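The values are calculated or read from the model by the stated rules, or taken from the named source; none is laboratory data. These figures come from a predicted structure and were not determined experimentally. Positions of Cβ are generated from backbone atoms using ideal geometry, with glycine treated the same way; all protein chains shown enter the neighbour counts.
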Amino acid sequence: MRTAARRVLVVVALAAVLVAVFASPAFAHATLETTNPAPGAVLTGTPNAITLEFSEPVTVALGGIRLYDQNGDRIATDPPTKPAADTVSTETRGRLSNGSYVVTWRVTSADTHPIQGAFTFQIGTGGNATGRDVTGLADRLLADQRGAKAVGVGWGVAGFCPGPALVAVGLAEPKAVVFVAAMLAGMGLYEVLERTRRHAERLAPSAD
């Protein structure tokens, strides 16, 4: 039991170190700053495009921006483009009817970490983009598209998983170098503590 407790304490300590190292803005993932249309916007006509701007450069794959009507049916849009390094956009096709719409998006930060979200807007007064039905639909659509959850405190805080981190180290990515160094330091700390424990047990008098 004491060994298990020690291991838990080491993991917690490592997580705390990672939080301290990576919690600064310099190590944060990209965050969504603005959208056009804005979340909850009420428009009088069809927007020519749906555009999202982030806090740092991102990449977007085919299908990374999706548009749905208030019934959850997907509406075809053009393939996503990048008007700027930190901006992604998709153009609409044809006229959109009055009603509520959901936009789901998924992009990849410069640190290789995928992020995603959803927002709503409406055209005319025939819908309620901020109503419970539409926001609930947005949550369900996003959940359906969501991939793997975060894989642990350390990875989630740092913004890297071990595989991508090692690749990024090979490319001399500073954040990845610091992350891998912290990961190895935690492994080394655990080994030192384990050796100290085993040595102490050997020296301890046996109970007869």
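Details
- Residue list for region 93-118, filter: more than 18 Å from residue 72 (Cβ to Cβ) and either touching a residue at least 40 places away in the same chain (Cβ under 8 Å) or out of contact with any strand residue (DSSP E or B) (no Cβ under 9 Å at 6 or more places or on another chain) (or both): 94, 95, 107, 108, 109, 110, 111, 112, 113, 115
- Region 44-70 - residue that is surrounded by fewer than 14 Cβ atoms within 10 Å (Cβ to Cβ) and at pLDDT below 95 and, of those, nearest to the chain's Cα centre (by Cα): 61
- Counted residues, region 121-145 - those being at positive phi and touching a helix residue (DSSP H, G or I) at 6+ places or on another chain (Cβ under 9 Å): 0
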